[in-house]
Amino acid sequence: MTTTLVATTSPPATAGVSVSATILFNNNSVTINSQSITDLKKNGLVFSLTNPLQMGTFLDLVDWMHGQLHFPLTGDQVVAYIAEVPEPFETPLQSLAHAHVTLTVLNINTKTSLYQVAASIAPQPPLNILDILQVTAIGIQVSSAGKSTSP
């Protein structure tokens, strides 16, 4: 009996260079990977978040945006505004304000003008609906896909 081994892959048609970077964001290590950056003018910049990123609570995120991006509200102000809302709305809003936020998707493609951001939100405590259901997580994705204006 004779065994023959055959290679099933071939080298890439063109050479390329990709970049992976780990950055520190809000005391969390974040790894971002790019596609080939060999010809940025032709292909644009394409990169993605490699792993989900824990952002803290919604109130932590508001405080970070206030400090870093000059967002007009603080977490304490959000809590104070929610406290003025009557029941049955105050409790679910407080639950959402204290929700844990995880960035699950971040994709950017400058050539195609594709931008995707997705997050999961875990209300603390879970949202109670009619004492029958509990909402433990909510997913949100925002995408923008447009045509490139570059040649």
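The values are calculated or read from the model by the stated rules, or taken from the named source; none is laboratory data. All of these numbers come straight from a predicted model, not from anything done at the bench. Note: ideal-geometry Cβ built from the backbone for every residue, glycine included; neighbour counts use all protein chains shown.
Counting only strands (runs of 3 or more DSSP E) wholly contained in the stretch 60-151, the ones carrying 1 or more residues that are in contact with a Gly (Cβ under 6 Å, 6 or more places away or on another chain) occupy 114-122.
Quick one: is T50 within 18 Å of the chain's Cα centre (by Cα) and surrounded by fewer than 17 Cβ atoms within 10 Å (Cβ to Cβ)? It is true that T50 is within 18 Å of the chain's Cα centre (by Cα) and surrounded by fewer than 17 Cβ atoms within 10 Å (Cβ to Cβ). The combined condition, being assigned to a loop (DSSP other than H, G, I, E, B), more than 19 Å from Q124 (Cα to Cα) and modelled with pLDDT under 70, is fulfilled by P12.
From T91, T104, grab the single residue that is out of contact with any helix residue (DSSP H, G or I) (no Cβ under 6 Å at 6 or more places or on another chain), under 26 Å from V46 (Cα atoms) and not aliphatic (A, V, I, L, M). Reasoning before the result, please.
Values: T91 fails: under 26 Å from V46 (Cα atoms).
Within the list T91, T104, the selection yields T104.
For the stretch 86-134, which residues satisfy the criterion of being within 27 Å of Q35 (Cβ to Cβ), modelled with pLDDT of 90 or more and more than 15 Å from the chain's Cα centre (by Cα)? None - no residue of the stretch 86-134 is within 27 Å of Q35 (Cβ to Cβ), modelled with pLDDT of 90 or more and more than 15 Å from the chain's Cα centre (by Cα), so the list stays empty.
Checking the structure you have, find out if any residue of the stretch 78-87 is among the aromatic types (F, W, Y), loosely packed, with under 11 Cβ neighbours inside 10 Å and without any contact (Cβ under 8 Å) to a residue 12 or more places away in the chain. Break it down into steps so the answer makes sense when it comes.
Initially, the stretch 78-87 is screened for residues among the aromatic types (F, W, Y), giving 81.
Checking which are loosely packed, with under 11 Cβ neighbours inside 10 Å leaves us with none.
No - not one qualifying residue is present in the stretch 78-87.
So if I check each of A137, A99, A145, which one is of a type in the set (G, A, S) and either touching a residue at least 40 places away in the same chain (Cβ under 8 Å) or buried (at least 17 other Cβ atoms within 10 Å of the Cβ) (or both)? Spell out the reasoning first.
Numbers: A137 fails: either touching a residue at least 40 places away in the same chain (Cβ under 8 Å) or buried (at least 17 other Cβ atoms within 10 Å of the Cβ) (or both); A145 fails: either touching a residue at least 40 places away in the same chain (Cβ under 8 Å) or buried (at least 17 other Cβ atoms within 10 Å of the Cβ) (or both).
Exactly one of A137, A99, A145 is of a type in the set (G, A, S) and either touching a residue at least 40 places away in the same chain (Cβ under 8 Å) or buried (at least 17 other Cβ atoms within 10 Å of the Cβ) (or both), namely A99.
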